[in-house]
Amino acid sequence: MKLGRVVQTSRIADACYLNFDFQLEIATCFQRYRKDDWGDMDEEDKAANDYAKDHEERVLAAYQTSKGRIYIITEWNREYTTILFCDEY
C-alpha cells in the first residue's frame with residue numbers, strides 16, 4: 001500500500017524526542033503497519049482494513065504503547081499517513 005507522506009503529531013514527536021524507548025515503540029508499530037498488521041483491532045476492523053488498502057479507502061490501525069494507545073491512519077487518496085495518540089483523533 002502506498003503511504004504517501006508519513007507525518008506525526010507534535011505530541012508524538014515530543015514524546016519520541018524525550019524517550020528513546022517510546023521512539024522504538026513507534027518504529028515497531030509503524031513496521032507492523034507496513035506489513036498489514038493492524039494491531040489491536042477486532043477481526044471485523046482488520047478485515048475492513050484489508051479491503052480498504054486495495055480499494056482507495058482510509059486505513060486505520062491501533063496499537064498499545066507505554067504512553068497510551070496510538071493510531072496510524074493512511075488517507076483514502078494515499079497522500080498522507082499520520083501517527084497520533086488516540087485522543088488526538
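The values are calculated or read from the model by the stated rules, or taken from the named source; none is laboratory data. Please read these numbers as outputs of a predicted model, since none were measured by experiment. Glycine gets a Cβ as well: all are built from the backbone with ideal geometry, and neighbour counts include every protein chain shown. For accessibility, only protein heavy atoms count, side chains too; no ligands or nucleic acids. Shrake-Rupley method; radii C 1.70, N 1.55, O 1.52, S 1.80 Å.
Based on what the data block shows, is GLU88 under 15 Å from THR9 (Cα atoms), touching a residue at least 24 places away in the same chain (Cβ under 8 Å) and open to solvent by 10 Å² or more (accessible area, probe 1.4 Å)? When the stated conditions are applied, GLU88 passes them. Select from the range 32-70 the residues that are of a type in the set (S, T, N, Q) and assigned to a strand (DSSP E or B) and write down the one among them that is surrounded by the most Cβ atoms within 10 Å (Cβ to Cβ). Here the residue is THR65. Residues of the range 1-35 that are closer than 19 Å to ARG78 by Cβ and among the charged types (D, E, K, R): LYS2, ARG5, ARG32, ARG34, LYS35.
Only a single criterion out of (1) out of contact with any helix residue (DSSP H, G or I) (no Cβ under 8 Å at 6 or more places or on another chain); (2) in a loop (DSSP other than H, G, I, E, B); (3) open to solvent by less than 90 Å² (accessible area, probe 1.4 Å) is not satisfied by LEU3, namely (1). Considering only residues of the range 71-85 that are under 16 Å from ALA13 (Cα atoms) and open to solvent by 30 Å² or more (accessible area, probe 1.4 Å), which is nearest to the chain's Cα centre (by Cα)? Only one residue tops the list, namely TYR71.
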